[in-house]
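Scroll down for the structure; my scribbles are underneath it.
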Amino acid sequence: MSEAGSTTSRRGLDRAGIARAVARDIPRGSYVNLGIGLPTTVSAYLRPQDEVTLHTENGMLGMGPEATGDDVDPDLINAGKVPVTELPGASYFHHADSFAMMRGGHLDVCVLGAYQVSVAGDLANWHTGRAQDIPAVGGAMDLAIGAKQTFVMMTLLDRQGHAKLVQACTYPLTGVGCVRRVYTDLAVFVLAGDAQAPTVTVTAAFDATVEELRELTGLSLLDGTGS
Amino acid sequence: MVAFVTSPFDAVAGIPDGATVMIGGFGEAGQPVALIEALLEHGARDLVVVNNNAGSAEVGLALLIAADRVRKVVCSFPRQSDSWHFDEKYRAGTIELELVPQGNLAERIRAAGAGIGAFYTPTGYGTLLAAGKETREIDGRHHVLEHPLRADFALIRAHLADERGNLTYRRTARNFGPIMATAATTTIAEVTRVVPAGGIDPENVVTPGIYVDRVVAVEPASGARDAARHGRGAAT
């Protein structure tokens, strides 16, 4: 990060940096679903030689980049309803097959955003719980519990400065005990152990020490940074 | 026997007030806009609509909701940047919402068409959307009991139909079409073109004609649809 020291310069990784960190941890040859919003940006950092196949839950494997100009086809969109392209070797299937593929554990990695993640891997990302907000779940609950591994990408702190990695979620849950890794601007966390004795290990920290991360989150984090 | 009709208006004839109607499509991809507009013209009220969304912009389902024809929406994702008609009715308390995780929505529809009594799924366990439902631990994993979702009518958009009612779809416009076709008493398909029997390679049929009751050929995405599309905000 810049040493400019300006009050506007941020600490840690920017959004692209988090997306790169996620992309680096996706094993070669994986079948991957990238959630709507921030997770979608991970696709920009997957290289052709990684041979990652993208799944979109509205019925496609082998999704290509966003479509532009003459390539825009209203019948070819991603889960965010953005026009996309098809890559050679793509396939289409109906919604029940698409979610069977997910629920059946055939996808290797799913990347989702989050309001909160608990140390036990509980995920909250679909509803603020506020009465005036219209709830919309989409495929979030299916995605959270379906893939072999669920990764979350988010900022570590919310706008009020509260940590989003928490002892127990206060927002309504999307899934129980489903998150394996959490990628944030300040650190990468690996969640393990069981529900009774969950452990959280910091495997990488960005412009922050593990001690600072412990203070920010109030959690007893294990130091796996090797530093 | 599949009936071929000449207008969307004739295709949706007989849909009564209070009917449960599945409407295909994910956003606008696969949304049977001509059939929905015909249903609007017919005037049926108090409908229960099953769709992934709750309408967007000024097209199809959104117009049906705007005209107060829909009593209840069963969907996974109502809130969008351009779902203002649904948002307004929901906030006014004049439309009911049953929110269903998308995979459960799909599987409940599939189960109805496949004669399954109910099924256990891990999706939604421990969440608000499983509140009050039966649960069961199977092989160390918690599951929720979900019931089939069937309808009186399914309105779907396909690509080609042959004279036997066999259907193909285009790209991600397939989405809910094939499963909704199996889960309704009467399935009505709008298609781009009708071809002779044998005009679709049997290997490539996605929805066999046994599931299809009425077919109407409708021009692909009309100028009106394009205009509505350009008038809407960013997709979410």
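Points to keep in mind about this one:
- Ranked by solvent-accessible area (1.4 Å probe, protein heavy atoms only, all chains present), the residues A:133, B:68, A:73, A:25 order from largest to smallest as B:68, A:25, A:133, A:73.
- Helix A:15-24 and the longest principal axis of the C-alpha atoms of chain A enclose an angle of approximately 70°.
- Listed residues B:188, B:36, B:200, most fluctuating in chain B (Gaussian network, C-alpha, under 10 Å): B:200
- Considering only B:103, B:173, B:11, and ranking their Cα positions along the charge dipole of chain B that arises from unit charges at the beta-carbon of Lys, Arg, Asp and Glu, the one farthest toward the positive end is B:103.
- Estimated 222 nm signal from helices in chain A, with DSSP H stretches of n ≥ 4 weighted -39500 (n - 2.57), rounded to 500: -4000 deg cm²/dmol
- With a cut-off of 12 Å between beta carbons, the residues surrounding residue B:47 carry a summed charge of -1, where Lys and Arg count +1 and Asp and Glu -1.
- Candidates B:62, B:130, B:154: whichever shows maximal mean-square fluctuation once chain B is modelled as a Gaussian network with Cα springs under 10 Å: B:130
- Apportionment of accessible area to carbon and sulfur, chain A, percent (1.4 Å): 50 percent
- Translational diffusion coefficient (Stokes-Einstein; Kirkwood radius from C-alpha pairs) of chain B at 4 °C, 1.567 mPa s, in µm²/s: 71 µm²/s
- Bridges between two residues of region A:12-185, per DSSP, are antiparallel at a rate of about 40%.
- Across every direction, the projection of the convex hull enclosing the Cα atoms of region A:12-185 has a mean area of 10.7 nm².
- Rounded to 5, percent antiparallel among DSSP beta bridges of the protein assembly as shown: 40 percent
- Computed magnitude of the charge dipole of the protein assembly as shown (debye, nearest 20; Cβ of K, R +1, Cβ of D, E -1): 480 debye
- GNM remark for chain A: springs join alpha carbons under 10 Å apart, and the peak mean-square fluctuation among A:113, A:35, A:64 falls on A:64.
- Lysines with Cα under 30 Å of residue A:164, excluding same-chain neighbours fewer than 8 positions away: A:81, A:148, B:133
- Per-residue ellipticity at 222 nm, computed for chain B from helices alone with -39500 (n - 2.57) per DSSP H run of at least four residues, works out to -6500 deg cm²/dmol.
- Cβ-placed point charges (K, R +1; D, E -1), dipole of region B:1-154 about Cα centre in debye, nearest 20: 380 debye
- The apolar share of the surface of chain B, taken as the fraction of accessible area on carbon and sulfur atoms (1.4 Å probe, ligands and nucleic acids excluded), comes to 48 percent.
- Beta bridges per DSSP, both residues in chain B: antiparallel share near 25 percent.
- Contact residues in region A:86-110 (at least 30 Å² less accessible area with all protein chains than alone, 1.4 Å probe): A:92, A:94, A:95, A:96, A:103.
- For the pair B and A, total buried accessible area rounded to nearest 100 Å², probe 1.4 Å: 3600 Å²
- Whole-Å distance, taken between Cα centres, linking region A:127-176 and region B:108-142: 21 Å
- Note on exposure: B:116, A:77 ranked by accessible area (1.4 Å probe, complete protein assembly) read B:116, A:77, with the most exposed listed first.
- Taken per residue, the accessible surface of chain B reaches 40 Å², heavy atoms only and a 1.4 Å probe.
- For region A:12-185, size of Cβ-based charge dipole, Lys and Arg +1, Asp and Glu -1, in debye: 720 debye
- Temperature 10 °C, viscosity 1.306 mPa s: under these conditions the Stokes-Einstein estimate for region B:1-103, based on its Kirkwood radius over C-alpha pairs, is 116 µm² per second.
- Taking all protein chains together and a 1.4 Å probe, the residues A:157, A:87, A:213 rank A:87, A:157, A:213 from largest to smallest accessible area.
The values are calculated or read from the model by the stated rules, or taken from the named source; none is laboratory data. For clarity, every value in this text was computed on a predicted model and none was experimentally measured. Here Cβ is always computed from backbone atoms with ideal geometry, including for glycine, and neighbour counts include all displayed protein chains. Heavy atoms of the whole protein, side chains included, go into the accessibility calculation; ligands, DNA and RNA do not. Shrake-Rupley method; radii C 1.70, N 1.55, O 1.52, S 1.80 Å.
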